[in-house]
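Participant: Let me begin by handing over the structure; questions about it come next.
Read-outs throughout are calculated quantities, based only on the coordinates presented, and are distinct from any laboratory measurement. Remember, predicted model here, so these are calculated numbers, not experimental data. Note: ideal-geometry Cβ built from the backbone for every residue, glycine included; neighbour counts use all protein chains shown.
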Amino acid sequence: MKKVFICIVLLSFFSLKSYGQTYSDFTLQDLEGNEIKLSKLLEKGPVMISFWATWCSPCKEEMKKMYPVYEKYKDNGFTYLAVNQDNQKSISKVKSFIKANGYTFPVVLDPDKSVFESYSGLGIPYSLLISKDRKIISKHLGYVTGDEIKIESEIKSVMPAEE
């Protein structure tokens, strides 16, 4: 019984920590050298931050599946923000990958992984959904086909009501 109680306490602690935590603001450069600030994006609506790299196959699969979701909700204030984790050697591949796939969501570079570390990233793909009021709604580590359905449901739950 004592072990069950400890497990419940630990699970409660971790779920409160991930869902009650607020965001850390950051400013990173996009592929054109423009500065993108998270708090500015949140003024429009919820933001999904997705940490990824060009060498990460699950990351690329997540982007492919999340792009239609982004397209569906972007006009209602939703932003899918792809935060690239490539190192200085492979960062040159990022722009051509995004262009080749026709992605139009914002892509920023985090080559020193400072933003990734500030959000306690352990591996990629790693994504966080942040509501307009700057609360972390969900976190996802890894990607398997079908995750986009759950993520879309989470996005819908924080989208402003239609008028």
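Participant: Less than 14 Å from a label point 7 Å out along the Cα-to-Cβ axis of Asp133: which backbone N atoms in region 20-50 qualify, by residue?
Facilitator: The answer is 20-23, 46, whose backbone nitrogens lie closer than 14 Å to the label point.
Participant: Stretched out fully, how many nm does the piece from Asp30 to Lys99 gain, at 0.36 nm a residue minus the Cα gap?
Facilitator: 23.5 nm
Participant: Sequence neighbours fewer than 8 away in the same chain don't count; with that in mind, list the aspartates and glutamates whose C-alpha is under 18 Å from Lys37.
Facilitator: Hits, sequence-local ones excluded: Asp25, Asp110, Asp112, Glu117, Asp133.
Participant: When the expected Rg is taken as 2.2 N^0.38 Å, what fraction or multiple of it is the alpha-carbon Rg of region 22-158?
Facilitator: In units of the globular-protein estimate, region 22-158 measures up at 0.95.
Participant: Here is a further query. Subtracting the Cα-Cα distance from 0.36 nm times the residue separation, let me have the gained length for Glu117 to Gln88 in nm, one decimal.
Facilitator: Going from the current span to full extension adds 8.7 nm.
Participant: Do any of Lys93/Lys156; Lys40/Lys113; Lys93/Lys135 go past 31 Å between their Cα atoms, and which?
Facilitator: Lys93/Lys156; Lys93/Lys135
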